[in-house]
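As structure tokens, the structure follows; a few thoughts come after it.
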Amino acid sequence: MTTGVNRLRLDGEILGAVEARITPAGIPIHRFTLAHASSQTEAGMPREARCHIAVVASGEALALQMKGLVEGDRVLIEGFIARSSFRDESYRIVLHAQTIEILR
């Protein structure tokens, strides 16, 4: 296992509803899907990159940033990826937001 700063930055639009809940420990959790689309260069050739990824935003600071965000809002997420559940063996990934920047 490696340690250090391994962050992913991904921008896109919120797709669908933002789900909010409070954990039994009192931590606010927001979940939504991020729809990303960009043009990249791979092997010297242009390539269209598109994906949908689940995002989890935990904690008070991110809860304040999530207020009022709705489908279609553009955001830049910085965070890390991990399995969606330690109990789930399918290795579906989720982007765990550490910062959210609203792009207007």
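The values are calculated or read from the model by the stated rules, or taken from the named source; none is laboratory data. In this text the structure is predicted, and so the values were computed from the model without any measurement. Reconstructed Cβ throughout: ideal geometry from the backbone, glycine too, with neighbour counts over all protein chains shown.
What's the number of the condition Gly59 fails, among (1) exposed (fewer than 15 other Cβ atoms within 10 Å of the Cβ); (2) farther than 15 Å from His96 by Cα; (3) of a type outside the set (D, E, K, R)?
Just one mismatch for Gly59, condition (2).
Quickly run through the range 1-15 and pick out the residues that are surrounded by 10 or more Cβ atoms within 10 Å (Cβ to Cβ), at pLDDT below 95 and either of a type in the set (Gly, Ala, Ser) or not in a strand (DSSP E or B) (or both).
Arg7
Report, by residue number, each residue of the range 44-60 that is of a type in the set (A, V, I, L, M, F, W, C) and touching a strand residue (DSSP E or B) at 6+ places or on another chain (Cβ under 9 Å).
Once the filter is applied, which keeps residues that are of a type in the set (A, V, I, L, M, F, W, C) and touching a strand residue (DSSP E or B) at 6+ places or on another chain (Cβ under 9 Å), the range 44-60 yields Ala49, Cys51, Ile53, Ala54, Val55, Val56, Ala57.
Looking at Phe32 and the list (1) among the aromatic types (Phe, Trp, Tyr); (2) outside any loop (DSSP other than H, G, I, E, B); (3) over 9 Å from the mean Cα position of the chain (by Cα), which single condition is not satisfied?
Of everything listed in (1) among the aromatic types (Phe, Trp, Tyr); (2) outside any loop (DSSP other than H, G, I, E, B); (3) over 9 Å from the mean Cα position of the chain (by Cα), Phe32 misses just condition (3).
Got a number for residues in the range 62-92 being modelled with pLDDT of 90 or more and either loosely packed, with under 13 Cβ neighbours inside 10 Å or assigned to a strand (DSSP E or B) (or both)?
11
Among the numbered criteria (1) exposed (fewer than 10 other Cβ atoms within 10 Å of the Cβ); (2) under 20 Å from Arg104 (Cα atoms), which single criterion is violated by Ala43?
(2)
Determine whether the range 56-65 contains at least one residue that is free of Cβ contacts under 8 Å to residues at least 12 places away in the same chain and on the phi < 0 side of the Ramachandran plot.
Yes, there is a match, as at least one residue in the range 56-65 is free of Cβ contacts under 8 Å to residues at least 12 places away in the same chain and on the phi < 0 side of the Ramachandran plot.
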